[in-house]
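Each remark here refers to the structure printed beneath this line.
The values are calculated or read from the model by the stated rules, or taken from the named source; none is laboratory data. Keep in mind it's a predicted model, so treat the numbers as computed, not measured. As a convention, Cβ positions derive from the backbone with ideal geometry for all residues, glycine included, and neighbour counts pool all protein chains shown. These area figures cover heavy atoms from the full protein model, side chains too; ligands, DNA and RNA do not enter into them. Shrake-Rupley method; radii C 1.70, N 1.55, O 1.52, S 1.80 Å.
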Amino acid sequence: MKGWIGRILRIDLTSKTFKAESFSEEFAHTWVGGRGFAAKILYDELAPGIDPLGPSNKFIVALGPLSGIPAPNTGKALVAAKSPSTGGYGDGNLGTRVALQLRKAGYDALIVEGKADTPTMLVIEDDQVGFLPADAVWGKGTYDTNDWIYATYGEGVGVLNIGQAGENMVRYAVVRSLEGRAGGRTGMGAVMGSKMLKAIVVKGTKPIPQADPEGMKAVGLRDLREVHRIDKESGWSIQSTNAVLSWCNEVAALPVRNFRKTSHPDAWKVDGERLNAARVATYGCPNCTMHCGIAMHDDEGRVSELDYENVALLGPNLEIFDLGQVASLNYLCDDYGLDTMSTGCVLSFYADAIDHGDTSGDFAFGDASAAKVLMGMIARREGIGDLLANGALAAARTFGRGSEAYAMQIKGLEMAAYNCKYIPGQALALGVSPIGAHHKEAWIITFELKETSRDSYGPEKAQKIIDLQRIRGGLFECVVSCRFPWIENGWGIEHYPHYFKLSTGLDWTLDDFWTVSDRVYALLKLFWLREHPQTDRTSDFPPAVWFDPANADTEGPIAGRHLDYDKYDGLLQHYYDLRGYDRRGIPTRDTLHRLGLSAEAVSAEEFGLLR
Ligand code: PTT
Ligand code: SF4
């Protein structure tokens, strides 16, 4: 087999044993890699109803046939498990040298099972796996942990690690990699923590088998240079992801004050121009020539790397417009290993609930000092932090009094930084994301506002979401490569089947990838249904507040407007029809058979899930 190594490393933390397992060509061709591998393994191997924070959950690092090869932006890895924040399948994609080192060690994926009885660090060096004590770094933040690992094993190793939030099983704890950023906003850091797994260190020395290594090198190096040239020409990396902040403010799509407002006159203070002006360093993932990570000094002089999502949800969403303070909140999230996005939404929900008298507490919008204290309490699960560590939905269910309506989450995962009060297509894209309210699956907002009408609930939006899901949540998450060259700099999607051919020798069309993508999405739906048998289409709805006339803007471009419940329901139905799902949003028997999921259909029948 070329392109894939054909081996998965399975590690049991309970018995401190490991083994390499082979997989078939058929498995590789059916699931490709990354999300495809992780979804299939978790669906097959996890018993329904297991506790995501118990020893029966499995933590997976999955790579794809493009991981680590010399093609643009291939230094990414997918981390996956049953999600402690949604109870469904969860994953995240982060830049890390592990993407290269694990493949060079001879594996396409890693499955970590069981639970260690003391804090543990896994050290994988080619065929060897060490189970080492992690006492020296347990209780420490991700920066100190990473420094300690680099000092011990050298700077070239791949590292995934967690901070105090992961150790204390905060349900939105991330996995960190200082060679990239943070991944697994669906609580993958908490899953590592539940296994007492502080870090994974990987070093490999073997070549990655490729069908045409010389061709790959020539094309890949040429394209790495070309992507760099295009990026310099477009100037995208000057402001990187935060370029979108001023646009969102302009078009009334910015989350402000727990998404109550859609713009703010002070938003310019935290926009891409200000971030670029404050830049003290530029970071990039391995194998990348776009280097989009902009870092600045926070108000305490620490270096903090900021993206749009982090700025919008820790800044305007909390009504904090001092970039140094936002950088400081971001730094703390990175160090504790908290997801910036969920943390921003949980804190804004808490401030809103106090404001509305639905709970009491000492926190208000605009109070950066109190936000910092609360973050520490969440990471350590102290006081009110223990409840907030379970996420906005759990807190709302405790506060009651109708506060669930403004807990900004879908399926239990807190909202991405797009205020869709009156953006039906993007609201649907977040609603039908299989992992909860993450923008990674479909970012339709620019198409919606620039190429169609904001007022439309037409099927063209449902189709566009599927088109984007196939590329973003399907192709990029399965071959495992960063999507930014394509999305931000227009690097043609047709390059990817070409890289795939050079790597695997297979002559696939984009349609072949769309089939794999549809298969993976259908399987994720079955996974969701198995864990939530009472599910209905309302699990694909955004929070009630977006439908509430009382919450409509009072001024600006969308004054008096809000989402229409029945029309949203109609748009959702277009999406189900196009995907071949039933009225509950579950793939029909015919769809499952068409996608080659007959075996999964049988098991779904056994669980009584199909109607
Ligand atoms: C991603 C989510 C994002 S998406 C951001 S900013 W973004 C936040 N970053 C965080 C952070 O930083 N620190 C922290 N403690 N928590 C954070 N939570 C948030 O996590 C990310 C880039 C970005 S920056 C994006 S959009 C693209 N995402 C990709 C993706 O999902 N798949 C893919 N094939 N390519 C992608 N390219 C881009 O990568 P999650 P990363 Mg992360 C400091 O993984 O769980 O999906 O959360 O991946 O290495 O951090 O790179 O405006
Ligand atoms: Fe990482 Fe940004 Fe490069 Fe993508 S474009 S690989 S997120 S540095």
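Below are the figures for this structure:
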| quantity | calculated |
| --- | --- |
| Simple spin-label estimate for Y150 and L221 in nanometres, 7 Å along Cα-Cβ | 2.7 nm |
| Backbone HN-Hα couplings from phi across the range 159-172 [Karplus 6.51/-1.76/1.60, Hz, Gly and Pro as x] | 9, 10, 8, 10, x, 5, 5, x, 4, 8, 6, 4, 5, 10 |
| Probe 1.4 Å - accessible area at K40, Å² to nearest ten | 30 Å² |
| Fraction of accessible area attributable to carbon and sulfur, the range 458-569 (%, probe 1.4 Å) | 50 percent |
| With DNA, RNA and ligands ignored, accessible area of D127 (1.4 Å probe; Å², nearest 10) | 80 Å² |
| Calculated [θ] (222 nm, deg cm²/dmol) that DSSP helices of n ≥ 4 give over the chain, each run adding -39,500 (n - 2.57) | -11500 deg cm²/dmol |
| Nearest-10 value in Å² for the accessible area of M192, using the 1.4 Å probe | 0 Å² |
| The range 117-168, Cα convex hull volume normalised per residue, Å³ | 81 Å³ |
| Per residue convex hull volume, Cα atoms of the range 7-203, in Å³ | 101 Å³ |
| Whole-percent pair-distance distribution, where bins are 10 Å wide, for the alpha carbons of the range 362-478 | 13, 33, 28, 20, 5 |
| Separation of alpha-carbon centers, the range 1-45 and the range 458-520, rounded to whole Å | 22 Å |
| Zero-based 10 Å bins, Cα pair distances in the range 175-224, whole percents | 19, 28, 27, 23, 3 |
| Over 19 Å [Cα-Cα, the range 68-185], rounded percent | 49 percent |
| Point-charge dipole on Cβ atoms (K/R +1, D/E -1) for the chain, about Cα centre, debye to 20 | 860 debye |
| Projected label distance in nm at D507 and D51, using a 7 Å step from Cα toward the beta-carbon | 5.4 nm |
| For the chain, convex hull of alpha carbons as volume per residue, Å³ | 133 Å³ |
| Karplus-derived HN-Hα couplings along the range 254-267 (A = 6.51, B = -1.76, C = 1.60, θ = phi - 60°), whole Hz, x at Gly and Pro | 7, x, 10, 6, 6, 6, 5, 10, 10, 7, 7, x, 8, 4 |
| Kyte-Doolittle mean at least 0.0, axial Cα span of 24 Å or more - DSSP H helices of the chain | 510-531 |
| Intensity falloff of the range 49-118 expressed as log10 I(q)/I(0), Debye formula with alpha-carbon point scatterers, at q = 0.15, 0.18, 0.21 Å⁻¹ | -0.54, -0.72, -0.87 |
| Residues of the chain: accessible area per residue with a 1.4 Å probe, Å² | 33 Å² |
| Share, in percent, of DSSP beta bridges within the range 7-203 that are antiparallel, nearest 5 | 75 percent |
| Selected from L313, T96, S67, residue furthest toward positive end of dipole (the chain; charges at beta carbon) | S67 |
| Stretchable slack from E273 to D577, in nm (0.36 nm times residue separation minus alpha-carbon distance) | 105.2 nm |
| Stretch gain in nm, segment R401-E250, where the contour uses 0.36 nm per residue and the Cα spacing is subtracted | 51.0 nm |
| Surface share of carbon and sulfur [accessible, 1.4 angstrom probe, percent] for the range 7-203 | 49 percent |
| Interchain or long-range residues, amide H under 5 Å from T17's placed H | D12 |
| Sequence-distant residues sharing a close amide H with S83 (under 5 Å, placed H) | G88, Y89, G90 |
| Virtual spin-label span in nm between E233 and E605, 7 Å along Cα→Cβ | 5.5 nm |
| Vicinal HN-Hα couplings computed from phi for the range 305-319 (Karplus, 6.51 cos²θ - 1.76 cosθ + 1.60; Hz; Gly/Pro x) | 9, 10, 10, 4, 4, 5, 5, 5, 7, 8, x, x, 5, 9, 6 |
| Longest to shortest principal axis, alpha-carbon extents of the range 173-303, angstrom | 54, 46, 29 |
